[in-house]
Amino acid sequence: MNQEFSKMIVRMIDLKREYELVRQDIERALRICFEHQRWILGEEVGQLEQTVANYLSIGHGVGTSSGTEALVLALRALAIARNGREFFEKDDEIITASFTFTATGDAILRSGATPVFVDIDPCTYTIDPQQIEDYLASSTKKRVVGIVPVHLYGQPCDMEAIMKIARAHDLFVVEDAAQAMGARWNGRRVGAWGTMGALSFFPTKNLGGYGDGGMVVTDDSVLAKMVRALLQHGGEDKYNAEHIGYNARLDTLQAAILLAKFSYLEERNEQRRKIAQLYSDQLNLIAGLTLPFSPPPAQHVYNQYTVRLDPGLRDKFQEYLKERDIETTIYYKKPLHAMKLFDHSITYGDLKQTEAAASSIVNIPLNPFLTENEIAYVIETIRQFFKG
Ligand SMILES: *Cc1c(COP(=O)(O)O)cnc(C)c1O
C-alpha cells in the first residue's frame, strides 16, 4: 500500500484537531465568562437560545443540561400542558423507533408513558411512517398520545408523512434531533417540524460542547415557558414551585463554547456532506456493501456515515480496518426492545428491519477534519477488504 498512508490513525472523531482551529474563539468566549462570573443562566445561555431558534426558524429555544433532559422536559411539559398531569400514565403510549440511542426510550419512560417500538425503513434507518399508521389502525383500545421520530445519523425522517399522521390522530410530535442539527426535510430544518424538538450538544454531535448540553425548541410559547419552569425546580422562580421540577439548566460556560462553535456549524456540515459524497462516489461499485441512501427532499448532515454488509462479514470488516488503524463503531448493536429496561414496553410486529440493521451496519470515520489522504486511505482499505 502507498507509502504516504503509513502511520496514520483515522479517527471517528477528532476533537483535538477541531480545537486547534477554534482555539482563539473559545478562549475569547471563556475569558468573557471569567470576567462576568455569572455562571448560572448567564447571558450566553439566552444568546445561544436565540441563535439556535433563529437558525431553525422557530420561536423558542430553551437550553438544557443534556439532550436526554431536553427530551424528558419536552415530554413532561406536554403531559402537564395537554393532560393536566405531572406525568403521563402507563397506558399513555408514545410511538418511536427501537433503532436509536437508549435515551430516546428512557426519556419516554421517565415521562411516565410506555414506548411503542415500530419498525424502521431499511434504506434510511429512520422510523417507517407506514408502520406508525399500521399500529394506529391495528387495534381498538389504544391510547397513543404522541410520536418521537429520531433523525438517526443525521438523516431526517419523512416529516411530512409523520406530521400528517399526527394531525389525523391528534398526536403530539417530539423530534429527537440529537444527531441531526442542521439537517432539513424539504427545506425546513429538523426540530422545527414537530410540536417540540430536542437537540443535544454532546461532544460528538454536529454542534458539540465541551461537556453535556442540550436544547428544547418549539413554536409554542406555553410549552417553552413550561420547559423553562421545569428545568429550574418547576416554578416561575425556584422559590415558587408548581410542578415536579429538575435542576437541568444549560451551563453558561457550555453556552459560551457552543456560541463560539456555532459560527462554524454550516461549514462543518457542508464538509461532512462533501466527504459523504466522496465515500459514496468511490465505494459505489463494491458488491456486498450498502451505502447510505438519502434522496431529496432529505438533506442529511452525516453525524455518522453508515454502511451495511453481510452480518457474517461485519466482525472481519471491523478487524481488518482496525489492524490498518481505521476506527469504526456500531450504532446500535442492540435495539431498545432487546434491552431489559424496555421489557414492559410494546413492540409492534417483528421489527425485522430493526434487527437486520442492528446486525449489519458499521459506521466508518466521517468528521469534518479528515484529510484528503485519510479519506483516500479509508476508501482504498475498504476496496482491498472486498477484493480479498
Ligand atoms: C445523543 C443522543 C441523545 C441524548 O443526548 P445527550 O446530550 O447525550 O443526553 C438522544 N437521542 C439520540 C438519538 C442521541 O444520539
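Here are the numbers for this structure:
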| item | result |
| --- | --- |
| Candidates per trypsin sites (Lys or Arg not before Pro) in region 1-103, loop by DSSP, up to 13 other Cβ within 10 Å | LYS7, ARG38, ARG85, LYS90 |
| Restricting region 305-388 to trypsin sites (Lys or Arg not before Pro) in coil, as DSSP defines it, with at most 11 other Cβ within 10 Å | LYS333 |
| Bridge type composition, region 127-247 - antiparallel percent by DSSP, nearest 5 | 60 |
| Region 213-260: relative contact order as a whole-number percent, Cα under 8 Å and 6+ apart | 29 |
| Nitroxide proxy distance, nm - points 7 Å out along Cα→Cβ at GLU133 and LYS334 | 3.5 |
| Cα lying deepest toward the dipole's positive end in the chain, options LEU171, SER98, ALA77, charges on Cβ | SER98 |
| Exposure proxy ranking, count of Cβ atoms within 10 Å, fewest first, for SER66, SER280 | SER280, SER66 |
| Projected area, mean over directions - region 156-270, Cα convex hull, nm² | 8.3 |
| Kirkwood-based shape ratio for region 25-79, expressed as Rg/Rh from alpha carbons | 1.05 |
| Overall Cα dimensions of region 44-184 - principal axes, largest extent first, Å | 49, 38, 27 |
| At 0.692 mPa s and 37 °C, Stokes diffusion of region 195-344 via Kirkwood alpha-carbon radius, µm² per second | 170 |
| For region 251-290, average projected area of the Cα convex hull in nm² | 4.0 |
| Loop-located chymotrypsin sites (Phe, Trp or Tyr not before Pro) in region 32-64 whose Cβ has at most 14 other Cβ within 10 Å (DSSP) | TRP39 |
| √(5λ) per eigenvalue of the Cα gyration tensor, the chain, largest first, Å | 34, 28, 16 |
| Along principal axes, Cα extents of region 304-378, largest first, whole Å | 48, 27, 18 |
| Proximal charge balance of HIS60 [Cβ under 15 Å; K/R count +1, D/E count -1] | -1 |
| Neighbour-count order for SER263, SER359, SER200, fewest beta carbons within 10 angstrom listed first | SER263, SER359, SER200 |
| Cα-based shape type of region 57-112, given that a ≥ b ≥ c are square roots of the gyration tensor eigenvalues and the cut on a/c is 1.5 | oblate |
| Region 329-388: relative contact order as a whole-number percent, Cα under 8 Å and 6+ apart | 41 |
| Cβ charges +1 (Lys, Arg) and -1 (Asp, Glu), total dipole of region 241-282, debye | 120 |
| For region 356-388 and region 65-120, distance of Cα centres in Å | 35 |
| At least 18 Å along the helix axis (C-alpha) and Kyte average at least 0.0, DSSP helices within the chain | 67-83 |
| The chain: relative contact order as a whole-number percent, Cα under 8 Å and 6+ apart | 23 |
| Cα-Cα over 25 Å, subset of LYS205/LYS316; LYS16/LYS274; LYS90/LYS205 | LYS205/LYS316; LYS90/LYS205 |
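The numbers here are math on the coordinates, done by the rules we state, and not lab data. Remember, it's a predicted structure, so these values are computed and weren't measured experimentally. Because the Cβ atoms are built from the backbone with ideal geometry, glycine has one as well, and the counts that use them run over all protein chains shown.
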